[in-house]
1. Would you mind listing the strands (runs of 3 or more DSSP E) fully within region 80-119 where at least 3 residues are farther than 15 Å from Glu151 by Cα and either open to solvent by less than 10 Å² (accessible area, probe 1.4 Å) or at pLDDT below 95 (or both)?
2. Can you name every residue in region 280-296 that is open to solvent by 20 Å² or more (accessible area, probe 1.4 Å) and of a type in the set (S, T, N, Q)?
3. Right, Ser424: open to solvent by less than 80 Å² (accessible area, probe 1.4 Å), out of contact with any Lys or Arg (no Cβ under 7 Å at 6 or more places or on another chain), without any contact (Cβ under 8 Å) to a residue 40 or more places away in the chain and in a helix (DSSP H, G or I) or not?
4. Among the residues of region 400-411, is there at least one that is open to solvent by less than 60 Å² (accessible area, probe 1.4 Å), touching a strand residue (DSSP E or B) at 6+ places or on another chain (Cβ under 7 Å) and either more than 30 Å from Ala557 (Cα to Cα) or not in a loop (DSSP other than H, G, I, E, B) (or both)?
5. Only one of these is touching a Phe, Trp or Tyr at 6+ places or on another chain (Cβ under 7 Å) and at pLDDT 85 or above: Thr268, Thr314, Thr278. Name it.
6. Just need a number here: residues in region 112-126 that are aliphatic (A, V, I, L, M) and free of Cβ contacts under 8 Å to residues at least 24 places away in the same chain.
7. Among (1) assigned to a loop (DSSP other than H, G, I, E, B); (2) open to solvent by less than 80 Å² (accessible area, probe 1.4 Å); (3) more than 13 Å from Leu174 (Cα to Cα); (4) at pLDDT below 90, where does Met4 come up short?
8. Among Asn436, Asn397, which is the only one that is polar (S, T, N, Q), open to solvent by 100 Å² or more (accessible area, probe 1.4 Å) and assigned to a helix (DSSP H, G or I)?
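The values are calculated or read from the model by the stated rules, or taken from the named source; none is laboratory data. Keep in mind that what you see is a predicted model, and the values were worked out from it rather than measured. Here Cβ is always computed from backbone atoms with ideal geometry, including for glycine, and neighbour counts include all displayed protein chains. Remember, those area values only see protein heavy atoms, side chains included, never the ligands or the DNA or RNA. Shrake-Rupley method; radii C 1.70, N 1.55, O 1.52, S 1.80 Å.
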Amino acid sequence: MLLMLSTIYYTDAPEQESPAAVQGTLDLSSWDFTKDRSVFLNGEWDFYPGKLLQPEELPKETHYFMKVPGGWDKTKGAFLQKSRGNGTYRLSVKLPELQEQLGLKIHNIWMAHRLFINGQLVKESGLPSDSLEGYQALNTPYVVVVEPAEELEIVIQVSNQVHFTGGIAHPIQLGLKNYIEKKNMLAFGGDMAVFLLFLMFGIYHLHMYNMRDKEKTYLFSGLFLLSISIVSITFGEKVLMQVFEEIPFAVAYKLQDFFLFASFAALTLFIQSLEPGTIKGRNLILSLMPVLIYLGVVILIPYHWYSPVKLYITFYANLLLFFYIIRLIYMLFYKKQGKLPLNESVYIFLCCIFAGVIIIDYNLYYSGYTNGNMIARLGIFAFLLSLNLFLSRRFTNKMNEVQALSEELIRSREIKDEFLARTSHELKTPLHGIINISGHLLKGETSSLSLEQRENLLLLQDTSSRLSLLVNDLVDIIKLRHEDLQLNLITVDLYVVIQLVFQLLSFDLQGKEVKMLNKVKPMTFVEADENRLRQILYNITSNAMKHTEKGEIVAQAREEGLDIVLTISDTGKGIPQEHWELVFKDFNHDSLPQQDYKQGMGLGLYISRQLARKMKGEVWIADSVVNKGTSMAVRLAKGQCLNTEMTAGSVLERKVWSSKPTSSGLSEKMKKI
């Protein structure tokens, strides 16, 4: 479609229909330039095929006439003009009496020419020549000033050695100097505006692609708009060539061809992303293959070698694009399996309509049936507006979907939390009963229980306590999510809490060559909730013991300003650095490389970090080396104790359910658990 959008030229038709040249003569003696301002020099020009003639060399009579505008391939007559070669145009223009200077706008002549007015050379664009060696192509619009006279003899030597055809491709406009210069400036500014507009929206769409989870629709629309922005400054007024005159012709036209057909490829992919049923996967590749091959040819082969193929590739691309547009409309409105909502389909339909209008208007203008293309100019902005309205509507629809899914997820999470809360509550009663009964039996006379029975009760009590801790973790998860966790911050002796945790977990060391060392100095006070601090240290120490077969687990503390940093180090398996943060995720250890880490680091570390943060602290991995060990760090605010003996004593007086196993049998059963 934008193969057509790319050639929107800013030439305006005069208010009155221009008279046509007949057999090399154009009578403008009755034309009112003050009122109508400009006229197009269209019609039959004298034509001398195969020659570059000076004005004085022109024969008095000619038997050949060429329609202007139009390429040489449009030639009809008794002579044969080769697509690559030379030719000379001549037109005699009769003018009314004028006091003002005139301006002559040359827009598009393929691909090099010399302009003579009344026998004088006024402009040379490129270097016309009979051979490619002495030939230099250049095709950039310009305006020349014409002095008023009764008659103008316009002679144009045209030479084409590189393009698929030659000739005066678009109308030549004659009018009052100020008017023509003004229109020329507006045309230049219009192309610059189109370039900036497409560039801006192209960058915006690519940014949306980067933000919207890599949605391909935005990627292809962004690439399409960026390609058209480059095309817009290489066609029409050829802004790129006018601003950077040093750019070689071949480079400029390679850029033109490359981005022209790249825009077609991007547009095809955009259509496919809108409705995958429009173009099936294999058909998409096959249909794009000729265009992709041509893009490679543009990069690798000189311009004059491949330019004859451009006409056929253009025809192929336009035909294919028409088919895809019709197919897309069919899929949107007649096929039930279409995936686009109706409010999106309407904007796509409008884009297709405006694209068709632009294509038709372009073809009429390019064929010389119309002198202006105001409809195409309006169509390009209507197309761009429809495209962006479509993408904004799609963005809104996606946001609505996300909002609906979020609300559904919240409801599902609330149901899950309620289920966990009820289940946890129901589990606590039988677990506490098991723990109390086993504890009561263990307190009885030792003679009433055999050694094996006592070990079994210890194992039962230990397993039940672990399950109770897991249930408490589930309850804590729910409370943390609902901001319902209450803390009682007091001054706690860190040394005593660690000692209690180490004593509680001493059963896990049976059968392992592991020592637990508490190197924290007594009377090291922190501000914390005592129970929650014990829970944090229990989780960290428990994880260290699970992954340490031999060596030691050491607790150390140091002061850092107003904080105390506790480090619990082990000599276990270690964790790769890229997975340090994963162990603190709740219910999300699929990326951990070792199965035992997935099993052993569940909710505990996640809860520990959240509890530490509630106490204005932090938990993190200070260091970890695979197969050498891990150091977990806990930061808490430094505390001050007014009654040291009472605080330490109150903690030490707490009873710890534990009793050293009396044989290795318990150790073996613990391993099975």
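1. 85-94, 112-117
2. If the condition is that a residue be open to solvent by 20 Å² or more (accessible area, probe 1.4 Å) and of a type in the set (S, T, N, Q), then Asn283 is the only one that fits.
3. no
4. No, there is no match, as no residue in region 400-411 is open to solvent by less than 60 Å² (accessible area, probe 1.4 Å), touching a strand residue (DSSP E or B) at 6+ places or on another chain (Cβ under 7 Å) and either more than 30 Å from Ala557 (Cα to Cα) or not in a loop (DSSP other than H, G, I, E, B) (or both).
5. Of the residues listed, the single one that is touching a Phe, Trp or Tyr at 6+ places or on another chain (Cβ under 7 Å) and at pLDDT 85 or above is Thr268.
6. Final tally of qualifying residues: 2.
7. The one condition Met4 does not meet is (1).
8. Asn436
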